[in-house]
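The values are calculated or read from the model by the stated rules, or taken from the named source; none is laboratory data. Note that the structure is a prediction, hence the values are computed from the model and not measured. Ideal geometry is used to build each Cβ from the backbone, glycine not excepted, and the neighbour counts take in all protein chains shown.
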Amino acid sequence: MQVYADNAATTKMSKKSFETTVSYMENEYGNPSSLYTIGQKAQEALVSARESIAGNLGCEPREITFTSGGSEADNQAIVSAAEIGIKKGKKHIISTEFEHHAVLHTLDKLKKRGFEITLLPVHSDGLVRVGELSKAIRPDTVLVTIMFANNEIGTLQPIAEIGKLCKEKGVIFHTDAVQAVGHVKVNVKELNIDMLSMSAHKFHGPKGAGLLYARKGILLSSIIEGGAQERGKRAGTENVPAIVGMAAAFTESCENMDANYQYVKGLRDILIDELSKIPHSKINGSVEKRLPGNVNICFEGIEGESLLLLLDDKGVSASSGSACTSGSLDPSHVLLALGLPHEIAHGSLRLSLSEYNTEEEVKHIIKVVPEVVEYLRSMSPVWKDLKEGRKEYVI
Ligand SMILES: *Cc1c(COP(=O)(O)O)cnc(C)c1O
């Protein structure tokens, strides 16, 4: 049995999104900037994609700038706020320790340009405290950037309270909502969000399409220079097939959100209940304030990488909290931010479900994970030390 349980990394395209995307590659392939009919058809498709997405986000179509995905949107949001800050003489930015690297690395760059960055701590429940944010805001704070839902542990931050606070204090509020949109209700006006990043491939749309929402009145700086596409805020011929595919996927996700939420959460809760029975394991982050599809669990005495490879052999695609993509064996900055010791953070497993997963698949996961954990522990010198009392269990 093959089980894809890494939907936080990317998702399979929905049939509708796929068909829409392909039809714009095959038939309506004109350049939206061209004046002849086939170009204008592409232009009209962009207009209606922008309108439908805006309707679902609760904003105006003109407040949306299409990008190549979530990373670009995060970069542009932060760089734009920094430019605004420079004009106003405000060079302080607040974020959190467990943001996506698209945010953290952009902030690192700004630090070299003289910005002061405050990273709020994340508590062991995987949540930031609004009281701590409030204390951190200063007269020279230009931007607060806090993710809506964390990509590793799925915790949902108190976005409504953060938005309200930032509005009262006159600070721009950006949220990386890549993991949240299409999965939980996000209305930018109701939540007082000034800027928001999203990405199509996290909700069954195509890779290479995303957007930055910026409230009217917030001047975006372009980070790609060239033609006048996207009202001069993002040069380059628009990726029309992917953008219309994103709009189709977003519409579908929003229409089916309540049913998907209940279904996926049901599967997730079975996983959490069953996997927590493995001795010396721990679910990371709040279970209540969490995305419906996310399970993140640590097992003492084993390594995430070996766990993943053995699970892959048994047909389960999952992810670990270690930065294996970068070729390093550093444990995840997210799990360390929660206060987990290195050796525990190394033994983490992230399973992220979508509405395409079935109950049979969940049963398969529940069967193979304990087997693999037991097998790895049987070979682990650390586990031997723990079992024989030469070392203390941490969890
Ligand atoms: C996936 C992801 C991104 C990056 O989005 P891309 O479209 O792949 O560039 C940014 N932030 C979060 C929270 C993500 O999960």
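Here are the numbers for the structure shown:
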{"quantity": "Any hit, region 197-218, residues being within 16 Å of the ligand (Cβ to nearest atom), in a strand (DSSP E or B), farther than 25 Å from V130 by Cβ and within 11 Å of the chain's Cα centre (by Cα)", "calculated": "yes"}
{"quantity": "Hey, G170 away from the ligand (no atom under 16 Å from the Cβ), surrounded by fewer than 17 Cβ atoms within 10 Å (Cβ to Cβ) and over 20 Å from T96 (Cα atoms) or not", "calculated": "no"}
{"quantity": "Unique match (being more than 16 Å from the ligand (Cβ to nearest atom), of a type outside the set (A, V, I, L, M) and on the phi > 0 side of the Ramachandran plot) among G69, G39, G58, G30", "calculated": "G58"}
{"quantity": "Check on G114, assigned to a loop (DSSP other than H, G, I, E, B), more than 16 Å from the ligand (Cβ to nearest atom), assigned by TED's automatic domain parsing to the domain that holds K185 and among the small types (G, A, S)", "calculated": "yes"}
{"quantity": "Boolean, A228 is in a helix (DSSP H, G or I) and touching a Ser or Thr at 6+ places or on another chain (Cβ under 9 Å)", "calculated": "no"}
{"quantity": "Within region 240-288, considering residues that are more than 20 Å from E51 (Cβ to Cβ), within 21 Å of the chain's Cα centre (by Cα) and of a type in the set (D, E, K, R), the one surrounded by the most Cβ atoms within 10 Å (Cβ to Cβ)", "calculated": "R268"}
{"quantity": "Cβ-Cβ under 7 Å pairs, at least 6 apart or on other chains, region 83-104 side of a type in the set (K, R), far side more than 10 Å from the ligand (Cβ to nearest atom) and in a loop (DSSP other than H, G, I, E, B)", "calculated": "K90/D140; K91/G114; K91/F115; K91/D140"}
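Yes/no matrix, rows are residues, columns are (1) basic (K, R); (2) buried (at least 20 other Cβ atoms within 10 Å of the Cβ):
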residue	(1), (2)
K111	yes, no
V128	no, yes
N150	no, yes
E161	no, no
V178	no, yes
